[in-house]
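A.B. asks: Below: one structure in structure tokens.
The values are calculated or read from the model by the stated rules, or taken from the named source; none is laboratory data. Everything numeric here is computed off the predicted structure, so don't read it as measured data. For neighbour counting, all protein chains shown are included, and Cβ atoms are generated from backbone atoms with ideal geometry for every residue, glycine included. Remember, those area values only see protein heavy atoms, side chains included, never the ligands or the DNA or RNA. Shrake-Rupley method; radii C 1.70, N 1.55, O 1.52, S 1.80 Å.
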Amino acid sequence: MIERSHESASKWSDRTVLLICLSIALVLSVAPALVSLTLPLPDLVATHWGMNGQPDDWQPVTTAVITHALIVFITTSGLTLLGSALNSTALLGAFAVGTGTFTTATLNGTLWTQTGDSMPPIGLVLIAALLLGSATGLTAGLTFRQKAQPTSRAEGSRPRATEPWQLSNTAALAWTGRVKVSRGVVVFAVTVTLLSLAPAVFMLTDPWMGVFFALIGLAMACGFATLAARVTIDARGVRVGAFGITFITVGIHEITAVGTRHVEALGELGGWGYRVAHDGTAVAFASASGQGLVLGRGERKDMIIVLDDDDIESAARTVSTLRERVAQG
Amino acid sequence: MLWLVDTADPTPMYLQVARVARQAWESGELRTGERLPPARELATSLGLNMHTVLRGYQELRDEGIVELRRGRGAVIRTDVDAAERLRPEVDDLISSAHRLGVAKDALIALIHDRYAEEAP
């Protein structure tokens, strides 16, 4: 398979992404804290709210500000360093930035709303923080994805090449199916979604809190539902999507090689869903461990899609056949 | 699931589409309750007219293999007799028995014996 070269100055190394995320962690923790200390806050500020959306704990404002800053810095930098350790700096770094923004917006937002005579519902603050955190996390993710440089392929992860079908030129072919989903992932997804939806039922005294938990539950349900994504292979390329949205596309012209190999979701990818392999040579969509359809993309990371064992051979041979047709013109 | 149609095949395209799905169902590759690809998407993938694919799905509906539901598309019926999937294999077995001169009673006895051997 293809060995990749090290990158030009326009691309960011993992170290650069790490330093950027740690700097963001520092800014997210310190800047809002400094702002908080200049605001006309009461000596005692509400720092915890009950399930009914009403405050039930108070702290001196300085203690609250310092505690908030520490929480934001530790969680954001901790997630970033974890990402670096798992060789998923860009992905977890973006998640850390989004989470850090959400945390700082929540913690400091609840402080800043206490400068007036009346406080808006805590649920509104949570929703605003969720939207802000999602936006910054997505922006960071797209930026890091664009700027991340490819890495060299490690030995031992080379896929088995597949032969194309022998078909006449008058035959049209396509392949449809779904990614492989493990039963454990389904049970986990349903459980977590139900747990996150449960508080929404009880937020009757604070509708905004109910909306916040309902949004969390809905986002989780949608996210988990994409784990059972459809895969389509035709003359245009390989596409993975759900709910009418395509979130992975590899054009036939982009594919330089095709093969299959076994993929361990946890061991190689660190989890399920859209992942970056620990050795940095591939990105993968895996809802279970199993046989992966490996699509070489030249200088870019390989794309691996884990399919059912019964489907992998026909899927790989279909890609191989379509590639051969493109090569023959 | 592999979808394969051939413009050189004299069989109408919609029947070729239906044939592919039927063979997948008979082999167990398509399971009960499973949804076929949306007609528009499959048509684009195979370079066919959407109505050609729809007609193929309607053919499968008329054979009792799929249900066409608005908003859900073509879904393999859950009330299809599973034993019907074995009909092609049974036909082959009977043909082989005729060819070898094996009587009906002897063939049925052979099937009974095999089931008995597999019982726990």
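A.B. asks: Filter region B:22-41 for residues that are closer than 16 Å to A:D310 by Cα and either without any contact (Cβ under 8 Å) to a residue 12 or more places away in the chain or within 10 Å of the chain's Cα centre (by Cα) (or both) and give the result.
C.D. replies: Result: B:Q23, B:A24, B:W25, B:E26, B:S27, B:G28, B:E29, B:L30.
A.B. asks: Further, regarding this structure: Kindly indicate the residue of region A:238-256 that is surrounded by 14 or more Cβ atoms within 10 Å (Cβ to Cβ) and in contact (Cβ under 8 Å) with a residue 40 or more places away in the chain and also farthest from the other protein chains (Cβ to nearest Cβ) among those meeting that condition.
C.D. replies: Looking at the filtered set, the residue picked out is A:T256.
A.B. asks: OK, next. What pairs come up if the first residue lies in region A:26-52 and is closer than 23 Å to A:P121 by Cβ, the second is surrounded by fewer than 12 Cβ atoms within 10 Å (Cβ to Cβ), and their beta carbons are under 8 Å apart, counting only those six or more places apart or on different chains?
C.D. replies: Close Cβ pairs satisfying both conditions: A:A46/A:D57; A:T47/A:D57; A:H48/A:D56; A:H48/A:D57; A:W49/A:D56; A:G50/A:D56.
A.B. asks: Turning to a different aspect of this structure: Look at region A:302-321 and say how many of its residues are within 11 Å of chain B (Cβ to nearest Cβ) and open to solvent by 10 Å² or more (accessible area, probe 1.4 Å).
C.D. replies: The qualifying residues number 6.
A.B. asks: Same structure, new question: A:D56 - would you say it is acidic (D, E), in contact with a His (Cβ under 8 Å, 6 or more places away or on another chain) and over 30 Å from A:G270 (Cβ atoms)?
C.D. replies: Considered against the rule, which asks whether it is acidic (D, E), in contact with a His (Cβ under 8 Å, 6 or more places away or on another chain) and over 30 Å from A:G270 (Cβ atoms), A:D56 comes out as yes.
A.B. asks: Given the conditions (1) assigned to a strand (DSSP E or B); (2) touching a Gly at 6+ places or on another chain (Cβ under 6 Å); (3) in contact (Cβ under 8 Å) with a residue 60 or more places away in the chain, which single one is not true for A:M303?
C.D. replies: (2)
A.B. asks: Okay, next question. Restricted to region A:168-189, and to residues that are out of contact with any strand residue (DSSP E or B) (no Cβ under 7 Å at 6 or more places or on another chain) and surrounded by fewer than 20 Cβ atoms within 10 Å (Cβ to Cβ), which residue is farthest from the other protein chains (Cβ to nearest Cβ)?
C.D. replies: Step by step, filter region A:168-189, then rank; the result is A:F188.
A.B. asks: All but one of (1) more than 14 Å from chain A (Cβ to nearest Cβ); (2) of a type in the set (S, T, Y); (3) within 29 Å of A:T170 (Cβ to Cβ) hold for B:Y57, so report the exception by its number.
C.D. replies: Single failed check for B:Y57: (1).
A.B. asks: So is A:T62 at pLDDT 85 or above, over 23 Å from A:L132 (Cβ atoms) and either in a helix (DSSP H, G or I) or acidic (D, E) (or both) or not?
C.D. replies: yes
A.B. asks: Sort through A:A284, A:A316, A:A288 and tell me the only one that's in the same structural domain as A:F247 (by TED's automatic domain parsing) and without any contact (Cβ under 8 Å) to a residue 60 or more places away in the chain.
C.D. replies: One residue alone meets the criteria, A:A284.
A.B. asks: Go through region B:3-120 and tell me which helices (runs of 4 or more DSSP H), entirely inside it, have 3 or more residues that are exposed (fewer than 12 other Cβ atoms within 10 Å of the Cβ).
C.D. replies: B:87-100, B:104-118
A.B. asks: Would you point out the residue of region A:108-133, among those that are without any contact (Cβ under 8 Å) to a residue 60 or more places away in the chain and part of a helix (DSSP H, G or I), that is farthest from A:T67 (Cα to Cα)? Steps first, please.
C.D. replies: Quick first cut of region A:108-133, residues without any contact (Cβ under 8 Å) to a residue 60 or more places away in the chain only: A:109, A:113, A:116-118, A:120, A:125, A:128-129, A:131-133.
If we keep only those that are part of a helix (DSSP H, G or I) too, we end up with A:109, A:125, A:128-129, A:131-133.
On the way: A:G109: 14, A:V125: 19, A:A128: 21, A:A129: 18, A:L131: 23, A:L132: 21, A:G133: 20 Å.
Filtering region A:108-133 for residues that are without any contact (Cβ under 8 Å) to a residue 60 or more places away in the chain and part of a helix (DSSP H, G or I), the one farthest from A:T67 (Cα to Cα) comes out as A:L131.
A.B. asks: Next up: Take region A:258-272 and flag every residue that is open to solvent by 20 Å² or more (accessible area, probe 1.4 Å) and touching a Pro at 6+ places or on another chain (Cβ under 9 Å).
C.D. replies: A:R261
A.B. asks: So which residues in region A:25-36 are of a type outside the set (G, A, S) and surrounded by 13 or more Cβ atoms within 10 Å (Cβ to Cβ)?
C.D. replies: The answer is A:L26, A:V27, A:L28, A:V30, A:P32, A:V35.
A.B. asks: For the subset of region A:235-274 comprising residues that are part of a loop (DSSP other than H, G, I, E, B) and charged (D, E, K, R), which member is farthest from A:D309 (Cα to Cα)?
C.D. replies: A:R236
A.B. asks: Quickly run through region B:7-54 and pick out the residues that are of a type outside the set (G, A, S), within 13 Å of chain A (Cβ to nearest Cβ) and touching a helix residue (DSSP H, G or I) at 6+ places or on another chain (Cβ under 7 Å).
C.D. replies: B:D9, B:M13, B:V17, B:L30, B:L36, B:R40, B:L42, B:L48, B:N49, B:T52, B:V53
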